[in-house]
Amino acid sequence: MAKYCLHIILFILLLFSSCGHKATYRIEGELSNLEDLTIFAVFENENVKHVDTLVCDEKGRFLLEEELQGFNTVTFFMDGKMKYFVVYLEPEGNSIKVKGNALYPGLMEVKGNRINEELTALRKDLTPLLSEYQTLRNKITGKNKKNGIEEADFISRQANIRLQIMEKVFAYIKENPKEKASAILIQRHFLDPDDSKKLDELLAGLDSSLSDFYVVRALRQYSEKIKRTELGAQAPDFTAKNIYGENVKLSNYSGRYLLLAFTAPWCDMCHTEDLFLDKVKQNYSKDKLDILMVSLDDDSQEVRNAVESDSIQWNIVTDSASQTMMLMDLYNVSTLPRCFLIDKEGKIILKTDNGIEIRKTLDNLSLK
C-alpha cells in the first residue's frame, strides 16, 4: 500500500512539474542599418506579454535566450519602435535565426520552424514588390520635403503595389490551405473592419486541421465582431452614463432614429461642425432623431464646462471608467470619427465618417 501511495505522489509531482514547464526560446539575430543598437523584444501569447530590452553589437548582432511559459510570437521593435518585424514561436520553445536590413523590415529572413520558413519563402518570391513598397513608404514618411504632386504619386504607386502583393498572398492562401502561415497571412492582409465577406471566404477555404490554431480562433472571433455592426445588423445594446451622470441605453431611443457618433477632441475631422452634427441637431426633428456622442475625453467635468456655453444641448458619453473604450470595442470602431445611424427598430442603416453622407441619408428619410 505504501509503495502504491508513493507511485501516486510521484505521478502528481510529475504532472505539476510538466504543467509548469517553461519553454526555452533562443533567437540569434544580425540586423544591418540600425539607427539605434537598442531593440525591444515583446513575447506574446493570447493572454500575456513579456518584454526584453536588447543591445546589439556594432554589427547589429544579438542573442536572446529566455525560459518562458509557451508563447506564440515575439515582435522586435527597432529604431525607436518605428520599425518592427514578427517572429513566430512554437509554444514548446525552439531555436531561431534572424537576418535582414532594418530599412526593409518586411524582408526579414527568419529560419526556425515551418511558419517562419514558409513566410520567409513567400517574402523572397515577393522581394521586388516588397522592396519597392518599402522604398515608397520611406519616401512618404521621410523627413525630406515633398511637393503635393510628388507625394500623391508615391501614395498612388504604393497602393498599386499593395494590390499586387495582396493578389500574390491570396494565391498562396488558396494553394496552401493546410499551412498555418496561410492563417497568419489572412490576419495580416485581409481584415476589413466593415466587411467580413473576404475573411469568411478565406477562412472557409482553410483545412479543418487548422481549426484549433490560435490565429484561426482569433479570426473567427473577429468575423463575429464585424457582423455585429454590419449594415442591417441589430445594433449592439449598451448602458453607459453621460456627462451629467444620467444612464443612457440603446433601448431609450426605441421608436426614433439614433445617430451614434464616436469622436475625440484631438481628431481634426471629429468636430461637430466637420460632421455637420450641429446642423443635424438644429435642422432635424427632435421627435424623430436623437444624437448620442461618444468621446475619448477623459474629464467629464471639463466637457460639461465646454458645452455649457453652446446653444445646443449635447448628450455626450466620455471615457469615465473606460466606458468609451467599451463602446468602441462593442461597435468595432477602429478609426475616428465613426458614426452609426440606427433606425427605429434598432438596426444599423448607415456607417460613415462623412458628414455630407449623414445629411443626405437623413434627408432621404424625411426626418425634418
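FYI, it's all coordinate maths here, none of it is from the lab. Just so you know, these numbers come straight off a predicted model, no measurement behind them. A quick note on method: Cβ atoms are made from the backbone with ideal geometry, for glycine too, and the neighbour counts reach across all protein chains shown.
Look at where the Cα atoms of the stretch 348-368 and of the stretch 47-91 average out, and the two centres are 47 Å apart.
Once you keep just the Cα pairs under 8 angstrom separated by 6 or more residues, what percentage relative contact order results for the chain?
Working: 570 pairs, mean separation 38.8, N = 368.
Result for the chain is 11 percent.
Of the complete DSSP H runs in the chain, those spanning 15 angstrom or more by Cα along the long axis with a mean Kyte-Doolittle score not below 0.5 are 2-19. Extension gain, residue 109 to residue 352, is 83.5 nm, computed as 0.36 nm per intervening residue step minus the present C-alpha separation. Which entry in [x] -0.22, -0.30, -1.36; [y] -0.34, -0.46, -1.30; [z] -0.26, -0.35, -1.35 is this structure's computed log10 I(q)/I(0) by the Debye sum over Cα atoms at q = 0.06, 0.07, 0.15 Å⁻¹? Step by step, log10 I(q)/I(0) by the Debye sum over Cα atoms at q = 0.06, 0.07, 0.15 Å⁻¹ for this structure corresponds to label [y]. Only the Cβ atoms of Lys and Arg (+1) and of Asp and Glu (-1) were treated as charged; on that basis the dipole of the stretch 239-364 about its Cα centre amounts to roughly 640 debye.
The aspartates and glutamates within cross-link reach of residue 143, meaning a Cα-to-Cα straight distance under 16 Å and a gap of 8 or more places when in the same chain, are 35, 79, 151.
Is the stretch 234-368 rounded, prolate or oblate when judged by the Cα gyration tensor, a ≥ b ≥ c being the square roots of its eigenvalues, rounded requiring a/c under 1.5 and prolate requiring a/b larger than b/c?
Rounded.
For the stretch 176-228, the relative contact order is 44 percent, taking Cα pairs closer than 8 Å that sit 6 or more residues apart in sequence and dividing their mean separation by the residue count. Averaging the sequence gap over all C-alpha pairs within less than 8 Å and six or more residues apart, then dividing by the number of residues, gives the stretch 228-284 a relative contact order of 14 percent.
Here the gap between residue 246 and residue 117, fully extended at 0.36 nm per residue and compared with their Cα-Cα distance, gives a gain of 40.9 nm.
Of the listed pairs 288/351; 174/351; 81/227; 124/180; 49/227; 99/198, which have alpha-carbon separations greater than 26 Å here? Table pairs above 26 Å Cα-Cα are 174/351; 81/227; 49/227; 99/198.
Please compute the length gained on full extension between residue 288 and residue 51, using 0.36 nm multiplied by the number of residues separating them and subtracting their Cα-Cα distance.
Value of the extension gain: 80.1 nm.
Could you pull out the pairs from 225/279; 59/97; 83/168 whose alpha carbons sit more than 20 Å apart here? Those over the limit are 225/279; 83/168.
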